[in-house]
Amino acid sequence: MEKRKLWRTGKGTYVVSLPIKWSEELIKKYGDEVSLSFQEERAIILPAGETAKEGKITAAESDDILKLESEIIASFISDVERLYVEIAEDKKSAFLEKILYLKNKLEGMSILNISPTQLLITFSEMGKSVVELLDTMYSYFLEFYNRNQFIMSEVPTKSEETLKKYFDFLLSVENEIDTTTFHIKRLVNKGLIFPEYLPQIRVNDVRDILQFYSIATNLERLCDLEVELFNEIRKLNAKNIIEKEKVKLLSSPKGYDVRTYHADACRMVNLAYEGFKDQEKALQVLRTRNLISEIEGTEIEYRGDMIPAEKRKIVLDLAKNHPKFSRELVLIEQKIWGITGISTNVAENIMNLYRPQMT
């Protein structure tokens with residue numbers, strides 16, 4: 001903390017000098033005005049820019065840390081720029097730990113301790129567009145997919161080290177996914193309130209905001225499914241080590257295996273996302289919705305030529321043919337099938353961005 005002297009310049013005015021480097025950066029970015037916020041015996045100097053949206057949370061009488069967490073996240077998404085948090089002094093340590101945890105999830109978040117019972121949280125803009133952030137989330141999904149493909153080729157394996165490394169990787173990336181999702185929600189919410197802000201986040205029309213929000217939610221769910229898929233593969237591998245009978249995800253006597261099934265599901269996601277540039281690809285995925293075929297007296301939902309009913313049945317029958325592993329194999333199949341369902345949702349969201357041009 002740096003000390004500065006107050007100088008009296010008139011009957012009712014004092015001035016204080018500000019560091020030249022900080023001042024020049026502020027002027028370059030925001031102009032030559034600052035805003036003053038007075039809290040008890042403290043004065044807080046912040047860049048003025050546009051009028052900041054402020055909020056206040058009082059946690060002094062609450063032991064509910066999760067409630068505090070949800071209120072801070074809600075403030076971030078609601079485009080609050082400055083948030084004052086009041087906390088009972090004897091509870092500050094526990095609450096501060098949660099706030100510091102959120103700092104790693106909410107991009108542009110800064111914390112200033114302004115009194116023994118009060119914090120100032122500020123949220124600054126990072127200058128990214130919605131499309132850039134969606135591309136980041138899509139890249140996370142592809143990374144998860146590629147790692148799961150590798151793990152499937154290794155099962156059964158006694159190398160727990162490989163699985164543990166991947167698990168540690170998942171934990172590290174999950175935080176980044178949360179950060180990106182919250183950032184997108186903040187941007188689209190601001191665009192909904194201030195349509196003039198849309199060009200800055202590369203959204204063409206206020207009507208598109210809901211679609212971008214849904215795409216972000218679906219991409220987040222795709223990442224979740226890959227994480228859940230890995231957990232089931234890990235359980236399957238553990239049982240493979242214990243049981244005398246072994247089951248593989250890479251090969252099948254019928255020429256179609258779980259790993260290929262997973263690859264076909266990812267191909268549907270790829271086509272859906274490529275719909276941003278070529279709507280025919282998104283339409284190709286969308287046409288696979290709600291297709292049902294009857295095989296040997298059983299109705300099976302399938303995805304057209306991308307995942308024919310006969311091929312899905314081979315994967316479904318794997319659990320019947322290996323009863324000791326049936327639970328894990330059923331759940332693995334369900335996670336992969338869920339990926340195909342989310343791909344059709346993404347395709348629909350992207351198709352809704354296309355509108356006939358008025359003539």
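Counting only residues 5 or more places away or on other chains, whose amide H sits under 5 Å from the amide H of M109 once H atoms are built in the peptide plane?
Amide H neighbours of M109: S124.
Give, rounded to the nearest 20 debye, the magnitude of the charge dipole that the range 130-351 has about its Cα centre when Lys and Arg contribute +1 at Cβ and Asp and Glu contribute -1 at Cβ.
In total the dipole reaches around 520 debye.
DSSP beta bridges in the range 75-132, what fraction antiparallel, as a percent rounded to 5?
Close to 100 percent.
State the Cα centre-to-centre distance between the range 306-327 and the range 53-117 in whole Å.
Centre-to-centre distance over Cα atoms comes out at 49 Å.
Counting only DSSP beta bridges with both residues in the chain, what percent are antiparallel, rounded to the nearest 5?
85 percent
K244: which aspartates and glutamates have alpha carbons under 17 Å from its alpha carbon, excluding same-chain residues fewer than 8 sequence positions away?
Within the straight-line cut-off, K244 pairs with E328.
Over the chain, what is the relative contact order in whole percent, taking alpha-carbon pairs under 8 Å and six or more residues apart?
Here the relative contact order equals 13 percent.
Using DSSP to define loop residues, name the GluC sites (Glu not before Pro) in the range 140-245 whose beta-carbon has at most 14 other beta-carbon atoms within 10 Å.
Of the GluC sites (Glu not before Pro), the ones in loops of the range 140-245 whose Cβ has at most 14 other Cβ atoms within 10 Å are E243, E245.
Just check the range 130-351 against the gyration tensor rule for me: Cα atoms, a ≥ b ≥ c as the square roots of the eigenvalues, rounded for a/c under 1.5, and otherwise prolate or oblate depending on whether a/b exceeds b/c.
Oblate, because a/c is 1.5 or more while a/b does not exceed b/c.
Lys and Arg at +1, Asp and Glu at -1: add these up for the other residues within a Cβ distance under 13 Å of G108 and post the number.
The answer is +2.
Which one of L236, F95, Y273 is farthest out on the positive end of the charge dipole of the chain, using unit charges on Cβ (Lys, Arg +1; Asp, Glu -1) and the Cα centre as origin?
Among L236, F95, Y273, the one farthest towards the positive end of the dipole of the chain is L236.
What percent of all Cα-Cα pairs in the range 59-149 falls in each 10 Å bin, counting up from 0?
With a bin width of 10 Å, the distribution comes to 14, 40, 24, 16, 5, 0.
Distance check, please: which entries in K165/K335; K281/K313; K235/K311; K5/K53 exceed 28 angstrom between their Cα atoms?
Over 28 Å Cα-Cα: K5/K53.
Of the residues S326, S139, S23, which exhibits the maximal mean-square fluctuation in a Gaussian network model of the chain defined by a 10 Å Cα contact cut-off?
Fluctuation is largest for S23.
Could you pull out every residue, at least 5 positions away or on a different chain, whose amide H is within less than 5 Å of the one on I300? Hs are placed 1.01 Å off N in the peptide plane, and Pro or chain starts have none.
S293, E294, I295
Which of G275, G127, G191 ends up with the largest GNM mean-square fluctuation for the chain, with Cα atoms connected below 10 Å?
Most flexible of the set in this elastic network: G127.
Quick one: E296, E86, fewest Cβ neighbours within 10 Å first, how do they rank?
Lowest to highest Cβ neighbour count: E296, E86.
How large is log10 I(q)/I(0) at q = 0.09, 0.16, 0.19, 0.22 Å⁻¹ when the Debye formula is applied to the Cα atoms of the range 232-354, each weighted equally and without solvent?
Summing over Cα pairs of the range 232-354 leads to -0.29, -0.78, -0.99, -1.19.
Per the helix-only calculation at 222 nm, which mean residue ellipticity applies to the chain, given -39500 (n - 2.57) for every DSSP H run of n ≥ 4 and division by its residues, nearest 500 deg cm²/dmol?
-18500 deg cm²/dmol
Indicate the gyration tensor shape class of the range 112-188 (rounded, prolate or oblate), computed on the Cα atoms with a ≥ b ≥ c the square roots of the eigenvalues: a/c under 1.5 is rounded; otherwise a/b larger than b/c is prolate and the rest oblate.
Verdict is oblate for the range 112-188.
Read-outs throughout are calculated quantities, based only on the coordinates presented, and are distinct from any laboratory measurement. Keep in mind that what you see is a predicted model, and the values were worked out from it rather than measured. Note that each Cβ is placed from the backbone with ideal geometry, even for glycine, and that neighbours are counted across all protein chains shown.
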